[in-house]
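Visitor: Dumping the structure here so I can ask a few things about it.
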Amino acid sequence: MRFAELADGYERLEATTKRLEMRKILSELVKPLGAEELPEVLYLSQGLLRPEYEGVELGVADSLARRAVALATGEEERSVAEQTKTSGDLGSTAQELLTRHRRLGDVEPLTVAEAYAELGRIAAAKGEGSQDAKVRTLVELLGRSTPLEAKFLVRFVLGTLRVGVREMTILDALAEAFADGSKEARARIEEAFNLSSDLGLVAVELLKHGVDGLGRIGLEVGRPVRPMLAEREPTLARVLERMGGEAAVEYKYDGLRVQAHVARDGTVRLFSRRLEEIGAQFPELLAELPRAIRSRPTIVEGECVPIDPDTEEIQPFQEVARRRGRKHDLERLREEVPVALFLFDILLAGGTPVHQEDFPARRRRLEAIVREGDRVRLATQRIVRDVDSATSFLDDAISAGGEGVVAKSLKAGSSYRAGARGYWWIKYKRDYTAGLMDTIDGVVVGAFQGRGKRAGRFGAFLLAVYDPKKDRFESFTKVGSGFDDAQLAELPRRLERWQSDERPPEVETGIAPDRWFRPGLVLEVRGAELTLSPVHRAALGAVRAGAGLALRFPRFTGRYRDDKGPSEATTSHELLEMYRAQVRHAVSETPPTSGG
Ligand code: AMP
């Protein structure tokens, strides 16, 4: 395929906000592709070169890209910078400049394969002289591109390609292009993606072997599985009811979710909930896991929490947060804040895939394979059949430093549902029992200029929850309190890469902030109550026609949820459930439990 066709597709994708239309454009784009180009086009369309979990980065700073555009167009770097101020982005500037400076003579049209290979070369350039090499490759690439191609290539290398295709839309398009477009086919494609986290791999299997061939995609050590997620219920009685009167309840540890892949040779790779590789931050786990896991290759999941070595007590999450992303002083911090990994699930057991087994069987496997030690332990668990024992277990969990419990279904069908949120797991946090509202993870989609003491800075932020069905981010609150000076000073920098000139198409709100942001940064907030609102769009119309849900008196808890991507923020559905729980609380006389 010519790269021009792809660029043309991007142009059309950019021009629409309708998911159906996007699906159609995308499916037409990918349909003619072969097994070589298909994954390339899918990765490129997401602004990636490889599946996200591989973490491949191009490493092209703004200044480098600007230099390349200047060299490719014969313009002064200074003037490229000037024009970019007016046009808003370097991609558009490159497009304009190339339109103006018509080249003499013909160039071979660029193919997708060539563009992909060259971009790969840019990413691969490392070490001394790599900056120059990156610029050179980019100049060559721009030298061969049309103005429109140049626009998207520049945006791609800068990481600002904004064609708005998210994973779920790509899955829609694949179902349409390579299957019958039915719900069932779509579900099976998504399942394969949830197990492999690799759209390119799924697409190629689908192309070669059809929907039935997707079963060939299994678990592989080193390839993270998208995590299973929990629903919530407002009382333990409801939790038990949902589970059919019987459940395994486990401590809910408040730390970082970790998926540990232990290869046959003892090599360990750790993935975060967002599938980022985080092993380097936990050398003690890398060392301990091969000893703790009796049989390999194995994939287990757990929560990593700091432990006070003297008291064996679980420490507050902030201690881990402090350590995350911190490269210096790791040795010292490790002594100060050692961590333990509390394992709660197993997907691959000594080479046998067990994710499809029911939960009780998986737990038995986990118990059999894990040799507990200081660093690696099993999540504390009890089987309960009545609210009293569930409540006393919750009390234990809280006193042990947990934030609540996660109940797990024991029923047939309680397999590991990769990437799915469902009632097979139900979380119940202490906060409900205290009558306080649970925290909400909101995505920043806008900012308001500060006044008075905060003049010249942002004073408040517009937050949204995520609706996975519509693939939209719906505003639910404007938060201005809970931020300290340092946070207010650093937020513009944290938000910079998500800046947008206009309302991003995936954002729904009736409010116009001073600045828009594409969904990226997730903040944890807490508020007093949820109310109906004419201007917010969360769960619009679910309670009353024309009304969305809004959080009153929101407050930033101080916690950036860098471990969550925008689509892992609190969902509109969860917000609706919280609203309903609150209404039920208000009408019921008896508090749900005595715990907390
Ligand atoms: P939340 O982040 O509020 O959606 O709660 C779900 C998270 O709780 C999971 O993703 C895990 O990171 C964490 N968690 C802590 N303990 C457990 C447990 N025993 N079972 C499952 N998840 C747990």
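Visitor: If the Cβ limit is 9 Å and pairs must be 6+ apart or interchain, which residue in region 370-384 that is β-branched (V, I, T) and open to solvent by 50 Å² or more (accessible area, probe 1.4 Å) pairs with which residue that is within 15 Å of the ligand (Cβ to nearest atom) and not in a strand (DSSP E or B)?
Guide: Every condition considered, the pairs that remain are T380/F393; T380/D396; T380/A397; T380/A400; T380/G402; I383/P360; I383/L410.
Visitor: Is it true that L236 is in contact with an Asp or Glu (Cβ under 8 Å, 6 or more places away or on another chain) and either of a type in the set (A, V, I, L, M, F, W, C) or not assigned by TED's automatic domain parsing to the domain that holds I299 (or both)?
Guide: On the way: in contact with an Asp or Glu (Cβ under 8 Å, 6 or more places away or on another chain): no; either of a type in the set (A, V, I, L, M, F, W, C) or not assigned by TED's automatic domain parsing to the domain that holds I299 (or both): yes.
The answer is no for L236.
Visitor: Let me ask another. Could you look through region 467-488, keep only residues that are assigned to a strand (DSSP E or B) and in contact with a Phe, Trp or Tyr (Cβ under 6 Å, 6 or more places away or on another chain), and pick out the one that is surrounded by the fewest Cβ atoms within 10 Å (Cβ to Cβ)?
Guide: V479
Visitor: Just the residues that are near the ligand (Cβ under 7 Å from one of its atoms) and among the acidic types (D, E), please, taken from region 238-253. Full working, then the answer.
Guide: The initial filter retains those residues of region 238-253 that are near the ligand (Cβ under 7 Å from one of its atoms), namely 250-253.
Residue satisfying the conditions is E250 alone.
Visitor: Still on this structure: Filtering region 260-277 down to residues that are assigned to a loop (DSSP other than H, G, I, E, B) and within 13 Å of the ligand (Cβ to nearest atom), which residue is farthest from the chain's Cα centre (by Cα)?
Guide: Keep residues of region 260-277 that are assigned to a loop (DSSP other than H, G, I, E, B), which gives 263-267, 272-276.
Restricting the remaining residues to those that are within 13 Å of the ligand (Cβ to nearest atom) gives 272-275.
On the way: S272: 10, R273: 8, R274: 5, L275: 8 Å.
My answer is S272.
Visitor: Still on this structure: Determine whether region 453-465 contains at least one residue that is within 30 Å of I346 (Cα to Cα), open to solvent by less than 10 Å² (accessible area, probe 1.4 Å) and within 15 Å of the ligand (Cβ to nearest atom).
Guide: Looking through region 453-465, none of the residues is within 30 Å of I346 (Cα to Cα), open to solvent by less than 10 Å² (accessible area, probe 1.4 Å) and within 15 Å of the ligand (Cβ to nearest atom).
Visitor: Taking region 245-262, which residues are open to solvent by less than 20 Å² (accessible area, probe 1.4 Å) and modelled with pLDDT of 95 or more? Break it down into steps so the answer makes sense when it comes.
Guide: Restricting attention to region 245-262, the residues satisfying the condition of being open to solvent by less than 20 Å² (accessible area, probe 1.4 Å) are 247-250, 253, 255-256, 258-262.
Within region 245-262, A247, A248, V249, E250, V258, Q259, A260, H261, V262 meet the criteria.
Visitor: Continuing with this model, one more query. Between L119, L64, L71, which is over 27 Å from R50 (Cα atoms) and of a type in the set (A, V, I, L, M)? Spell out how you get there, then give the answer.
Guide: Details: L119 fails: over 27 Å from R50 (Cα atoms); L64 fails: over 27 Å from R50 (Cα atoms).
Testing whether each residue is over 27 Å from R50 (Cα atoms) and of a type in the set (A, V, I, L, M) leaves just L71.
Visitor: So how many residues does region 193-209 have that are farther than 29 Å from R242 by Cβ, outside any loop (DSSP other than H, G, I, E, B) and not small (G, A, S)? Even if it seems obvious, please write down each step before you answer.
Guide: The initial filter retains those residues of region 193-209 that are farther than 29 Å from R242 by Cβ, namely 196, 198-209.
So of that shortlist, the ones also outside any loop (DSSP other than H, G, I, E, B) come out as 196, 199-209.
Then drop every residue that is not not small (G, A, S), which leaves 199, 201-202, 204-209.
Here the count works out to 9.
Visitor: Between a first residue in region 128-139 that is at pLDDT below 95 and a second residue that is crowded, with 16+ Cβ neighbours inside 10 Å and not hydroxyl-bearing (S, T, Y), which pairs have beta carbons less than 7 Å apart while being 6 or more apart in sequence or on different chains?
Guide: Listed by first residue and then by second, the contacts come to Q131/L64.
Visitor: Another question, then. Can you pull out every residue in region 25-47 that is at pLDDT below 95 and open to solvent by 40 Å² or more (accessible area, probe 1.4 Å)?
Guide: Q46
Visitor: Sticking with this one: If I go through region 149-187 residue by residue, how many of them are part of a helix (DSSP H, G or I), closer than 17 Å to A65 by Cβ and among the aliphatic types (A, V, I, L, M)? Before the answer, list the steps.
Guide: First, pick out the residues of region 149-187 that are part of a helix (DSSP H, G or I): 149-158, 167-178, 183-187.
This time we only want the ones that are closer than 17 Å to A65 by Cβ, so: 149-158.
Cutting the leftovers down to among the aliphatic types (A, V, I, L, M) gives us 150, 153-154, 157-158.
Residues in region 149-187 being part of a helix (DSSP H, G or I), closer than 17 Å to A65 by Cβ and among the aliphatic types (A, V, I, L, M): 5 in total.
Visitor: Would you pick out the residues in region 63-81 that are more than 14 Å from R100 (Cβ to Cβ) and surrounded by 13 or more Cβ atoms within 10 Å (Cβ to Cβ)?
Guide: Listed by number, the residues that qualify are L64, A65, R66, R67, A68, L71, E77, A81.
Visitor: Kindly provide the set of residues from region 218-237 that are within 16 Å of the ligand (Cβ to nearest atom), touching a helix residue (DSSP H, G or I) at 6+ places or on another chain (Cβ under 7 Å) and open to solvent by 10 Å² or more (accessible area, probe 1.4 Å), ordered by number. Break it down into steps so the answer makes sense when it comes.
Guide: First pass over region 218-237, keeping only residues within 16 Å of the ligand (Cβ to nearest atom): 224-234, 236.
From what is left, the residues that are touching a helix residue (DSSP H, G or I) at 6+ places or on another chain (Cβ under 7 Å) are 224-226, 232-234, 236.
Within region 218-237, R226, R232, P234 meet the criteria.
Visitor: State all residues of region 210-259 that are outside any strand (DSSP E or B) and β-branched (V, I, T); if no residue qualifies, say none. Reasoning before the result, please.
Guide: Going residue by residue through region 210-259, those that are outside any strand (DSSP E or B) are 210-228, 233-246, 253-255.
Selection gives V211, I217, V221, V225, T235, V239.
Visitor: Do you know which of the residues in region 285-310 that are over 26 Å from the mean Cα position of the chain (by Cα) and acidic (D, E) is nearest to D374 (Cα to Cα)?
Guide: In this case the residue turns out to be E288.
Visitor: Working carefully through the options G74, G55, find the one that is out of contact with any Cys (no Cβ under 7 Å at 6 or more places or on another chain) and within 16 Å of L138 (Cα to Cα).
Guide: Only one candidate qualifies: G74.
Visitor: Looking at the structure I just gave you, is E190 open to solvent by 10 Å² or more (accessible area, probe 1.4 Å) and part of a helix (DSSP H, G or I)?
Guide: Numbers: open to solvent by 10 Å² or more (accessible area, probe 1.4 Å): yes; part of a helix (DSSP H, G or I): yes.
Yes: the conditions hold for E190.
Visitor: Which condition breaks for R50 when tested against (1) under 25 Å from the mean Cα position of the chain (by Cα); (2) at pLDDT 95 or above; (3) surrounded by fewer than 20 Cβ atoms within 10 Å (Cβ to Cβ); (4) part of a helix (DSSP H, G or I)?
Guide: (4)
Visitor: Filter region 340-359 down to residues that are open to solvent by 40 Å² or more (accessible area, probe 1.4 Å) and touching a Leu at 6+ places or on another chain (Cβ under 8 Å) and give me whichever is farthest from I293 (Cα to Cα).
Guide: Per the criteria, the residue is D358.
Visitor: Can you say whether G120 is within 16 Å of G47 (Cβ to Cβ), not in a loop (DSSP other than H, G, I, E, B) and not assigned by TED's automatic domain parsing to the domain that holds E506, as far as the supplied structure shows?
Guide: Working: within 16 Å of G47 (Cβ to Cβ): yes; not in a loop (DSSP other than H, G, I, E, B): yes; not assigned by TED's automatic domain parsing to the domain that holds E506: yes.
Spelling it out, G120 is indeed within 16 Å of G47 (Cβ to Cβ), not in a loop (DSSP other than H, G, I, E, B) and not assigned by TED's automatic domain parsing to the domain that holds E506.
Visitor: With the checklist (1) in contact (Cβ under 8 Å) with a residue 60 or more places away in the chain; (2) open to solvent by 20 Å² or more (accessible area, probe 1.4 Å); (3) farther than 23 Å from L98 by Cα in hand, flag the one item K183 doesn't pass.
Guide: Failing condition for K183: (1).
Visitor: Restricting attention to region 394-415, report how many residues are modelled with pLDDT of 95 or more and either within 11 Å of the ligand (Cβ to nearest atom) or in a helix (DSSP H, G or I) (or both). I'd like the intermediate steps shown before the answer.
Guide: From region 394-415, those modelled with pLDDT of 95 or more are 405-415; that's our starting set.
Keeping just the survivors that are either within 11 Å of the ligand (Cβ to nearest atom) or in a helix (DSSP H, G or I) (or both) gives 405-408.
Residues meeting the conditions: 4.
The values are calculated or read from the model by the stated rules, or taken from the named source; none is laboratory data. Just so it is clear, the structure is predicted and the values come from calculations on it, not from any experiment. Positions of Cβ are backbone-derived with ideal geometry, glycine not excepted, and every protein chain shown enters the neighbour counts. Note: accessible area is taken over every heavy atom of the protein model, side chains too, but ligands, DNA and RNA are not part of it. Shrake-Rupley method; radii C 1.70, N 1.55, O 1.52, S 1.80 Å.
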